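Inspection log for the structure reproduced underneath, given as structure tokens.
What follows draws every value from the coordinates through simple rules; no lab data is involved. Model, not experiment: these values are computed from the prediction. Every residue, glycine among them, receives a Cβ derived from its backbone with ideal geometry; neighbour counts consider all protein chains shown.
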Amino acid sequence: MSRQETSAPSSAARGSKIEVQNLSLWYGKTRALENISIAIPAHEITALIGPSGCGKSSFLRCVNRMNDLIENVRIEGKVCVNGEDIYAKSVDLIALRRQVGMVFQRPNPFPMSVFDNVAYGPRIHGRRNRVELQEIVQRSLDAAVLWDEVKDKLSSPAMSLSGGQQQRLCIARLLAVEPDVLLMDEPCSALDPVSTFKIEELMLGLKEKYSILLVTHNMFQASRVSNFTGFFLSGELVEFGKTEELFEKPRDKRTDDYVRGRFG
Amino acid sequence: MSAEGLDNSMLEPRHQFAERLFDLEQDLIRLGSVAARMLQKAMRSLKDTDTALAREVIDEDDVADDLDLHIETRCMRLLAQQQPMARDLRTIGSILKAIADLERVADFSCDIALEVIHLAEELRYEPPARLFGMGDKVFQMVLDTLDCFSSRDLDAVQRLCTTQDDEIDDLYREITDELLAHMKEEPTVVTQAARLLFVAHYLERIADHCTNVGERIHYIETGQLKQLNVP
């Protein structure tokens, strides 16, 4: 793919949040990503779709260096967030993961109260003042559209919430440390349709303030919520462009076959 | 069928969806064929002043209406249940539009048949020969439209929407001028000539609906929605 094809059309106007150049990734001898170049625009939802094992989650994990935790991983190329190379030696990983937060497939609240889940991040970043923490918790739960549902049970165990509420709690926990980028790895795959639609509404509301990168197996979710979509296949970024164009008239036959459900 | 009782094609992803889409395309061609036959009969009834044949055309409109609704219902069901994407989405969206155009072809054929019934009640007035020539060409356009839908031949689509449609527009103008001249010369034929003017107008509109379908075929193939005959 040419460089031009992998840039979102509006990124020039609003600026790219994440710039990836010639990124390749190996698990041992297996190449999982092949020479990916892409510019992810700021304040948009960018969806990554593709069949299982295509590399979309591996790509997502490169953006906050979660792959560093896996043995025998080798990465080549450049990943910049806000223009800074996140693989530079000087990078503080804790600061990076505060700036680039991640929501996982299954909600993973900590075994503590609703309040403490949201206050956890600010506390480890040195915020101790009770009033200040209360304000952060309320603001974060409010931004995650959960405040009204949990304001009377802040001291209840987070595990007592429903699956959809737990996932929104995890998002509130991320927002509490004021990130810039939200990485979402199949955030609705364990949720029922109503909870899924709530998370989707939440994403649409959050994009004004955050840049969201969403990995999803659900093409219809990608077409509902995202502004840009990238299609991965066998570690290659086959096509990247405006979501409506990719789903209505994809340029590449492989994308066309995939979105029509002809393989995968 | 294999030894396990499953045809290989049944294991292809979305095999049943592909079959239903194919059936829809076939039914669109059936609808177009019904409309074409109605047009042919309507023009023959005009030539022979055959009111029984004209009434047959009007009765056949129910078949076209039923097919139109049947296809639309299945399109909506596929949209709701299968969430089609890309070419499949363009195809179903285009079928929804194209059946409305083909149903209008059937309606205009009924309108022509109605004019034939009214004309039979008036004094005999020989329609201009060019009107039958126009009828033949428009009938051919309907058939060509259905061929284009089957073959997805974009060169043929372009010809349909430009050369063939322009030819119909020219004929319509010539016939209109001829009929208006007759009306001025012979006021006793004004009613009959006015009815024939309507017939020419209906034929011209049918040709326009054919170009609409042509533009949908172009959209299915290219993803580009555009008018193919821009003046």
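What stretch of chain B, leaving out the sites themselves, is the longest with no trypsin sites (Lys or Arg not before Pro) in a DSSP loop having at most 14 other Cβ atoms within 10 Å?
Longest gap between qualifying sites, sites excluded: B:1-123.
Could you calculate, for chain A, the ratio of the Cα radius of gyration to the Kirkwood radius, expressed as Rg to Rh? It would help to have the intermediate numbers written out before the result.
On the way: Rg = 18.4 Å, Rh = 18.9 Å.
Result: Rg/Rh = 0.97.
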Inset, instruction - Determine which aspartates and glutamates satisfy two conditions relative to A:Lys78: a Cα distance under 15 Å, and not lying fewer than 8 residues away in the same chain. - result: A:Glu19, A:Glu34, A:Asp68
Inset, instruction - Please build a GNM for chain A, connecting alpha carbons under 10 Å apart, and tell me which residue among A:Val114, A:Val131, A:Val215 fluctuates the most. - result: A:Val131
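Give me the dipole magnitude in Debye, nearest 20, for chain B about the Cα centre, with unit charges on the beta carbon: positive for Lys and Arg, negative for Asp and Glu. If you can, show how the numbers build up before the last one.
Details: 25 positive and 46 negative charges, 98 e Å.
The dipole magnitude comes to about 480 debye.
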Legend entry - Angle between chain B longest axis and helix B:165-185 axis [Cα atoms, degrees, rounded to 10]: 20
Legend entry - Inter-centroid distance (Cα atoms) of segment B:217-231 relative to segment A:111-189, Å: 51
Legend entry - Exposure rule at most 11 other beta-carbon atoms within 10 Å, DSSP loop trypsin sites (Lys or Arg not before Pro): chain A longest free segment: A:129-264
Legend entry - Euclidean distance between Cα centres, segment A:212-249 to segment B:37-83, Å: 41
Legend entry - Within the protein assembly as shown: Cβ-based charge dipole about Cα centre, in debye rounded to nearest 20 (Lys, Arg +1; Asp, Glu -1): 3600
Inset, instruction - Give me the Debye-computed log₁₀ of I(q)/I(0) at q = 0.14, 0.15, 0.20, 0.21 Å⁻¹ for segment A:122-230, equal point scatterers on Cα only, no solvent, two decimals. - result: -0.58, -0.66, -1.10, -1.19
Inset, instruction - Between B:Thr188 and B:Leu79, take the C-beta separation as r, use R0 = 56 Å, and let me know the FRET efficiency to the nearest 0.05. - result: 0.50
Inset, instruction - Once you've got the GNM for chain A with C-alpha springs shorter than 10 Å, pick whichever of A:Leu191, A:Leu182, A:Leu69 has the biggest mean-square fluctuation. - result: A:Leu69
Inset, instruction - Give the residues of segment B:78-102 whose amide nitrogen is closer than 13 Å to a point set 7 Å from the Cα of A:Phe220 in the direction of its Cβ. - result: B:78-85
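Throw me the Rg/Rh for the protein assembly as shown, computed over C-alpha atoms with Kirkwood Rh, two decimals.
Numbers: Rg = 31.6 Å, Rh = 27.0 Å.
My calculation puts Rg/Rh at 1.17.
Count the DSSP beta bridges whose two residues both fall in the protein assembly as shown, then state the antiparallel fraction as a percent rounded to the nearest 5. Each step should come with its number before you reach the end.
Numbers: 25 of 43 bridges.
If we restrict to bridges inside the protein assembly as shown, about 60 percent are antiparallel.
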Inset, instruction - Could you name the lysines whose alpha carbon sits less than 26 Å from that of A:Lys198, not counting residues in the same chain fewer than 8 places away? - result: A:Lys17, A:Lys56, A:Lys151, A:Lys153, A:Lys207, A:Lys209, A:Lys242
Legend entry - For segment B:131-199, projected area of the alpha-carbon convex hull averaged over all directions, nm²: 4.6
Legend entry - Separation in nanometres of the label points that stand 7 Å from Cα toward Cβ, at A:Ser189 and B:Glu121: 7.2
Legend entry - Alpha-carbon radius of gyration plus Dmax, which is the widest Cα pair, for chain B in Å: 20.6, 81
Legend entry - Pair B:Arg159, B:Lys226: separation of 7 Å Cα→Cβ label points (nm): 2.2
Inset, instruction - Could you work out the longest stretch of chain A that avoids the GluC sites (Glu not before Pro) located in DSSP loops with at most 15 other Cβ atoms within 10 Å? - result: A:72-207
